[in-house]
Amino acid sequence: MVEIERMEKPRRPAVLPGTKKRCPILAEAVYLDTETSHNYNPDTGEGHTWIYQWAFRWCRQTCIGRGVEELLDQLDRIDEENGLTKYGMRCVIYIHNASYDLSYLMPFLKRRYGSFDRVLATSPHKIITLEVGPWEFRCSYRLANRSLYKWGKDLGIKHGKKKGLIDYDVLRYPDTKLTRRDWIYQIYDVLALEECVLRELAAEGDTLRSVPLTSTGYVRRHGRKLARAANDWKEFTKTKLDVETYKGLRFAFAGGLTHGNRFFISKTVRGNIRHRDFRSMYPSELRARKEFPAGPWFKVYEYEPGVPFSWDDYEEYKKDNCLLVTAIVRNVELKKGETLPYLQYSKCLLGASPGWKATVKDNGRVIKAVGVCVLTMTEIDWDILRRQYNFDPEPKIMMVTASKRGPIPEYLRELVDIYFTEKTTFKDLVKKLDAEGAPEAAILDAQTSLVKSKNRANGIFGMTATDPVRQDYTVSEECWEWEHTVLTSELIEEKLDKFYKSRNSFMRYQIGVYVTALARKDLMTMYWLIGPENFLYGDTDSIFYLSTPEIEERIEAENRRREAEAIANGAFIEANGKRVTYDAFELEKHKGETERIIEFRFLHAKAYAYVTDDGELHVTVAGVSARDAKGYTREQELGNIENLKEGFVFKRCGSTTSVYLIGEPEVVDIDGHKVETAGGCVLLPTTKTLHDEYHLNKDIDWVTEPTRKEVKGYGI
């Protein structure tokens, strides 16, 4: 028997008016969650998926049930009672991690309501919003940018998600008798979701019409408001990218620099080890640097036979301009003693000519290569590359495009300052309230504000790095396969024109390209300051290294220089009666004190462990969860730092892999149970087997560099 909570007829919600492009929507949303099961056999690739339980909140009431068709029947009641279809309106339905639930629901939705009117996705199976019939499904994970459990905890909601209450490994059918725990778990999911979204709306003064679809949308909205107030439109349009410059910037764009010293791979280093990171690195780059493309792009040089462009010419243009340089490189080799190679193998592949080959690689970076490769990079990247590598012959410049160098727009500096000030203020407030033994509610409010300000500060980079030429993803309703448009030059030009004509556009994509380039430059600066032989591991904004008093003094001297420069340039904020500058390379804290590391070990990028002087083990491995569903941590599973080695298998904290089953709606009999199925996403637990770089890169000379003298005393 299907279990439905019979509700009193809820009040009819208000209607939010439509716009030129959008139809009217109800002022109340549905908050939906489903529970699923499957009998998929990964060995045969056969099986079925189904929804065995669901719940939603609507106008502060709860509806619960079992079958998919019954869920749609209940949604249709909302449609009928509010005249959605009759009057051409829609109702928003929030689902946390909507892509997962929609993989089960989409075939049923299509059968009942017809073709999808709109699917906005960032990649296959990564849905932001889907519109079909009278419904607008939205992914609340995209709005929160964190799990429902953490979102509720951060906001201090009353009905938090009941994490770990049920066992997902138990096979359940739509007619399985469910326990009270099963229903509590299900109902609290939608209670938590409703409470989180409503708190988010109230905190920002939003309606369902005005609330952004993603967390970055809050920052973008604030930035757009400041840009309009500053009358930035003319300056923005002057920086318009043509197709060729856009393609060059896309090629030049890269993320954070993450790498370890290849001579310490799979070795436990013991000694006086320190860990430093940059204070709010990307905001610091935006505020403390004046090395961004600030004007129109203009072509300086394009190859012509007999008309060379030398690196001396490059240096001359570089004095006042940011440069996008395309050059041919041949026969590349990392200089002796360098332990943080900069050249990405993947970037070389994009511009490789026949015969090009990286003969020695180190975890995705080039140590030695022969043949010809064409690279397009910023002047920041070229300066690092030419310092680190030998070329035979010197790279030949083929094209140079320039933009006048300067700071970011004033409105963007103001935006960074606002969030950095909030972050600093609430960070200090949390410490103060905690030290004073303030009421838990007061501390929680301060923590909530701190989390929000941190997310907004971090979201600024996401805004700057958003591609103005977005790839469009659609799902074929015939074969349920994800498709995307091919970005031809003509389509890129069309999308760029649309972007620069829209009055909602304001962000220069080139700023995002230079933010990460400048961050990589800063990491390399500190790497050279520390000394390549003392470098252990770096990740975007942090470095683990072997410390000496001389190294610490060099770093602190550099910090003092940066602080003075930041003050002179106005790159600071005032918070709680104190001045806080951007751009500092700080010692990492552990339990409120400077982190003192006595052992460090790594295998490759995003796979390292270390032990602090209190004996505590810290582990970071990509693809390994911080803890499993029962709270068992990856530190517990690894057990000992020496176990971070080739062949170790994380079983409990291993991640999951997604398998998508595709089908049309049907009712099947599975062991006597009638099941409505149409495909869906199966999350299979996976183990994570560790591999070290020695086994993957046997071409590297692991013995002669550095010398025994250089590593003596490191306790390896």
Largest-first principal axis extents of the Cα set of the stretch 406-459 (Å):
47, 16, 12
Binned at 5 Å from 0, what are the whole-percent values of the Cα-Cα distance distribution for the stretch 167-240, short to long?
3, 11, 13, 14, 11, 9, 9, 10, 6, 4, 4, 5, 2, 0
Of 163/427; 126/357; 21/86, which ones are farther than 25 Å apart at the Cα?
163/427; 126/357
Rounded to the nearest Å, the spacing of the alpha-carbon centers of the stretch 538-591 and the stretch 432-477 is 24
Could you give each residue of the stretch 418-423 its phi-based ³J(HN,Hα) in whole Hz, using Karplus coefficients 6.51, -1.76, 1.60 with θ = phi - 60°, and x for Gly or Pro?
4, 6, 5, 5, 4, 4
Tensor-based shape of the stretch 617-686 (alpha-carbon gyration tensor, a/c under 1.5 rounded, otherwise prolate or oblate):
prolate
So for the stretch 506-652, Kirkwood radius off the Cα pairs, Stokes-Einstein at 25 °C and 0.890 mPa s: how many µm² s⁻¹?
136
For the stretch 553-605, report the % of Cα-Cα distances exceeding 14 Å.
68
For the chain, what does -39500 (n - 2.57) per DSSP helix run (n ≥ 4), summed and divided by total residues, give at 222 nm, in deg cm²/dmol to the nearest 500?
-11000 deg cm²/dmol
Starting from one equal scatterer on each C-alpha and no solvent at all, send me the Debye-based log10 I(q)/I(0) for the stretch 55-118 at q = 0.24 Å⁻¹, two decimals.
-1.42
The stretch 567-678 - convex hull of alpha carbons, volume per residue in Å³:
284
Modelled FRET efficiency - R0 45 Å, residue 431 with residue 668, Cβ distances, 0.05 increments
0.20
Volume in Å³ per residue [convex hull over Cα atoms, computed for the stretch 220-365]:
212
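In Å², and per residue, what accessible area does the chain have when probed at 1.4 Å with the other protein chains present?
46
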Under a crude label model (7 Å from the Cα following the beta-carbon direction), how far is residue 629 from residue 591 in nanometres?
3.3
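Just to check, using Stokes-Einstein with a Kirkwood Rh over alpha carbon pairs, what's the diffusion coefficient of the stretch 66-176 at 20 °C and 1.002 mPa s in µm²/s?
This corresponds to a translational diffusion coefficient of 135 µm²/s.
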Tell me, in nm to one decimal, what length is gained between residue 333 and residue 175 on full extension, where the rule is 0.36 nm per residue of separation less the Cα-Cα distance?
50.3 nm
Tally up the carbon and sulfur contribution to the accessible surface of the chain as a whole percent, 1.4 Å probe, everything protein left in place.
50
Quick one, can you get me the convex hull of the C-alpha atoms of the stretch 312-453 expressed as volume per residue in Å³?
182
Over every pair of different alpha-carbon atoms in the stretch 1-130, take the mean of 1/r and invert it; report that Kirkwood radius in Å.
16.2
Between residue 657 and residue 206, how many nm apart are label points set 7 Å from Cα along the C-beta direction?
3.6
Provide the gained length on full extension for the span residue 353 to residue 684, in nm with one decimal, where the gain is 0.36 nm per separating residue minus the Cα-Cα distance.
115.1 nm
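Kirkwood hydrodynamic radius (Cα pairs, Å) of the stretch 445-579?
19.7
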Between residue 636 and residue 310, what is the label-point separation in nm under the 7 Å Cα-to-beta-carbon projection?
6.7
For q = 0.07, 0.12 Å⁻¹, what log10 I(q)/I(0) does the chain give under the Debye formula with an equal point scatterer on each alpha carbon and no solvent?
-0.58, -1.59
Dividing the alpha-carbon Rg of the stretch 140-286 by 2.2 N^0.38 Å yields what?
1.62
Average the reciprocal distances over every distinct pair of alpha-carbons in the stretch 436-485, invert the result, and give the Kirkwood radius in Å.
14.9
Along the stretch 678-684, what does the Karplus equation 6.51 cos²θ - 1.76 cosθ + 1.60 (θ = phi - 60°) give for ³J(HN,Hα), rounded to whole Hz, x for Gly and Pro?
7, x, x, 9, 9, 9, 9
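What full-extension length gain, to one decimal in nm, is calculated for residue 550 and residue 112 as 0.36 nm per residue of separation minus the Cα-Cα distance?
Working: separation 438, 0.36 × 438 = 157.68 nm, distance 7.15 nm.
Difference between extended and current length: 150.5 nm.
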Say R0 is 45 Å: what FRET efficiency, to the nearest 0.05, do residue 70 and residue 303 get from their beta-carbon distance?
0.10
Highest first, please rank the peptides 512-522, 306-316, 357-367 by the mean number of other Cβ atoms sitting within 10 Å of their residues.
512-522, 357-367, 306-316
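For an R0 of 30 angstrom, estimate the FRET efficiency from the Cβ-Cβ distance between residue 233 and residue 470 and round to the nearest 0.05.
Step by step, r from the Cβ atoms, then E = 0.90.
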Viscosity 0.890 mPa s, temperature 25 °C: what is the translational diffusion coefficient of the stretch 368-511 from Stokes-Einstein with a Kirkwood Rh over Cα pairs, rounded to a whole number of µm²/s?
118
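The values are calculated or read from the model by the stated rules, or taken from the named source; none is laboratory data. The structure presented is a predicted model; accordingly, all values stated were derived computationally and were not measured. Neighbour counts are summed over all protein chains in view; Cβ atoms, including those assigned to glycine, are modelled from backbone coordinates with ideal geometry. Areas reflect the complete protein model, heavy atoms only, side chains present, ligands, DNA and RNA absent. Shrake-Rupley method; radii C 1.70, N 1.55, O 1.52, S 1.80 Å.
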